[in-house]
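Undergrad: Structure below; questions to follow.
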Amino acid sequence: MVSEARYAGALRLDGKRALITGATKGIGADIARAFASAGATLVLSGRDDAELNTARATLADEFGVEIRTAAVDLAADDGPAALASTALDAFGGLDVLVNNAGVSYPQPVTQTDPAQFDATIAVNLRAPALLASIVGAAMAEAGTGGSIITVASAAALAPLPDHYAYCASKAGLVMATKVLARELGPHGIRANSVCPTVVLTEMGQRVWGEEAKAAPMLARIPLGRFAVPHEVSDAVVWLASDLASMVNGVDIPVDGGYTMG
Ligand code: NAP
């Protein structure tokens, strides 16, 4: 849980307009909370209007920041463009995009379900890449710079059994983010990824909740534990802030040392 005082010092996002995808639960909900705590103006996205309205009311009440919501299915062909348009209209532009929404359908590589493979690529790679393209173009046009942050995964950096499409989608997204960093850097737009290890959100519980799955994974993490949501949010807030003004094109593991080699 992030308290209001947490970002009371230099790490503030006042005046920054941010779109956060997958903001209704898990890591995205904590990022939304952290951004609200740091004073950002927010557009929260997910698929469920009721969940979005609850998140908006709670955070606006607690932190006094302006918040709009946009319910969009990012797996739909026109989802990314529809969300970009709504979010850019909400406050007359965006300064920060947090591409966080994601899905995972673990299965052995030899039993790959084509529909689930496509759904993984659609939500984890196509949607964030297209969103960043449209939002990046608007940021460049506005000429005021910006920060695009990708919530990728340690699965982008080290292969995980049963995560064929997931690893491919996240590795693709890390590289796509570097292309953004290279092409949009001259416009003062920074693009970076964070690569968390397991976080026991709804997704994390579903995939890693059983002791038999968790134990061998924990054994490979030098810090000996999974991450908690605010450890991801803290990196994302920093990347969005002016304290990271010279940080561009990196993928930051938030993984207790799991991927260091
Ligand atoms: P989560 O608890 O399952 O939440 C996923 C979020 O993404 C929800 O808000 C969900 O909205 C949204 N979403 C899913 N499919 C969508 C779609 N088709 N259109 C729009 N929104 C959609 O997952 P999480 O663990 O917080 O994961 C957040 C991000 O971190 C993901 O990109 C994930 O790959 C990454 N990550 C997670 C872990 C982990 O262990 N948990 C580790 C590394 C990286 P709804 O409310 O509509 O479902």
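The values are calculated or read from the model by the stated rules, or taken from the named source; none is laboratory data. This structure is a prediction, so every number in the text was calculated from the model and none was measured. Ideal geometry is used to build each Cβ from the backbone, glycine not excepted, and the neighbour counts take in all protein chains shown. Ligands, DNA and RNA are excluded from the accessible area calculation, which covers all protein heavy atoms including side chains. Shrake-Rupley method; radii C 1.70, N 1.55, O 1.52, S 1.80 Å.
Undergrad: Would you check if there is a residue in region 117-132 being among the polar types (S, T, N, Q), within 15 Å of the ligand (Cβ to nearest atom), in contact with a Lys or Arg (Cβ under 7 Å, 6 or more places away or on another chain) and closer than 26 Å to Gly257 by Cβ?
TA: Narrowing region 117-132 to residues among the polar types (S, T, N, Q): 120, 124.
Among the residues that remain, those that are also within 15 Å of the ligand (Cβ to nearest atom) are: 120, 124.
From the residues that got through so far, the ones that are in contact with a Lys or Arg (Cβ under 7 Å, 6 or more places away or on another chain) too are 124.
Within this subset, residues satisfying the condition of being closer than 26 Å to Gly257 by Cβ are 124.
Yes, the conditions are met somewhere in region 117-132.
Undergrad: Further, regarding this structure: What's the number of the condition Asp77 fails, among (1) more than 16 Å from the ligand (Cβ to nearest atom); (2) open to solvent by 20 Å² or more (accessible area, probe 1.4 Å)?
TA: (1)
Undergrad: Those residues that are in contact with a Phe, Trp or Tyr (Cβ under 7 Å, 6 or more places away or on another chain) and outside any helix (DSSP H, G or I), I need them from region 209-234; list them, please.
TA: Passing the criteria: Arg220, Ile221.
Undergrad: Further question: Take Ala227 and decide whether it is under 18 Å from the mean Cα position of the chain (by Cα) and either modelled with pLDDT of 95 or more or over 18 Å from Ala152 (Cβ atoms) (or both).
TA: Values: under 18 Å from the mean Cα position of the chain (by Cα): yes; either modelled with pLDDT of 95 or more or over 18 Å from Ala152 (Cβ atoms) (or both): yes.
Yes.
Undergrad: Listed residues Ala84, Ala101; which is within 23 Å of Asp162 (Cβ to Cβ) and surrounded by 24 or more Cβ atoms within 10 Å (Cβ to Cβ)? Lay out the reasoning, then the answer.
TA: Values: Ala84 fails: within 23 Å of Asp162 (Cβ to Cβ).
Residue meeting the stated conditions: Ala101.
Undergrad: Ok, one more. Within region 174-231, track down each residue that is open to solvent by 30 Å² or more (accessible area, probe 1.4 Å), within 12 Å of the ligand (Cβ to nearest atom), free of Cβ contacts under 8 Å to residues at least 60 places away in the same chain and not β-branched (Val, Ile, Thr).
TA: Leu200, Gln205, Trp208, Gly209, Lys213, Glu231
Undergrad: Considering only region 20-48, state which residues are out of contact with any helix residue (DSSP H, G or I) (no Cβ under 8 Å at 6 or more places or on another chain), within 10 Å of the ligand (Cβ to nearest atom) and open to solvent by 10 Å² or more (accessible area, probe 1.4 Å). Steps first, please.
TA: Restricting attention to region 20-48, the residues satisfying the condition of being out of contact with any helix residue (DSSP H, G or I) (no Cβ under 8 Å at 6 or more places or on another chain) are 28, 41, 47-48.
So of that shortlist, the ones also within 10 Å of the ligand (Cβ to nearest atom) come out as 28, 47-48.
The answer is Arg47, Asp48.
Undergrad: Look through region 235-261, keep the residues that are touching a residue at least 60 places away in the same chain (Cβ under 8 Å), open to solvent by 40 Å² or more (accessible area, probe 1.4 Å) and assigned to a helix (DSSP H, G or I), and return whichever of them is farthest from Thr177 (Cα to Cα).
TA: Selected residue: Leu243.
Undergrad: What number of residues within region 40-82 satisfy the criterion of being under 17 Å from the mean Cα position of the chain (by Cα) and among the aromatic types (Phe, Trp, Tyr)?
TA: So the first thing to find is which residues in region 40-82 are under 17 Å from the mean Cα position of the chain (by Cα), and the list is 40-47, 52, 55, 69-75, 79-80.
Narrowing the set further to residues that are among the aromatic types (Phe, Trp, Tyr) leaves none.
Looking only at that region, the number is 0.
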